[in-house]
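The values are calculated or read from the model by the stated rules, or taken from the named source; none is laboratory data. What you are looking at is a predicted structure, and each value in this text was computed from that prediction instead of being measured. Here the Cβ positions follow ideal geometry from the backbone for every residue, glycine too, while neighbour counts run over all protein chains shown.
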Amino acid sequence: MFQINDKLKTSLLVLLVVSYVIYENKPSFIFKSDGSFKEFGVNPDQTPFPFFMVVSIVAFTTYYGLLLNEGKYI
């Protein structure tokens, strides 16, 4: 069965906070000037770092960092 431990709870909390902060600040490398999301791509009006990818990397990195901090390397 799937267990939700403290590391996972912390990672989910960080994910929610980072998602909210990014969405509220609307950085130009993720959002268009009208506030909508840019499409994934490498053209000037697109972004290589879409919102879902940025928050996913933050969440995985946070969880892995918490595992490393505990001493579990796998």
Which ones in segment 19-60 are part of a helix (DSSP H, G or I) and in contact with a helix residue (DSSP H, G or I) (Cβ under 9 Å, 6 or more places away or on another chain)? 19, 22, 23, 51, 54, 55, 56, 58, 59, 60
Taking residue 35 and the conditions (1) at pLDDT 95 or above; (2) of a type in the set (Gly, Ala, Ser); (3) exposed (fewer than 10 other Cβ atoms within 10 Å of the Cβ), which numbered condition does it fall short on, given that it satisfies the others? (1)
Test residue 10 against the criterion of being surrounded by fewer than 17 Cβ atoms within 10 Å (Cβ to Cβ), touching a Leu at 6+ places or on another chain (Cβ under 7 Å) and assigned to a helix (DSSP H, G or I), and give yes or no. yes
State whether one or more residues within segment 51-70 are modelled with pLDDT under 95 and at positive phi. no
Per the list (1) out of contact with any Lys or Arg (no Cβ under 7 Å at 6 or more places or on another chain); (2) touching a residue at least 12 places away in the same chain (Cβ under 8 Å); (3) of a type in the set (Ser, Thr, Tyr), residue check on residue 63 breaks on (1)
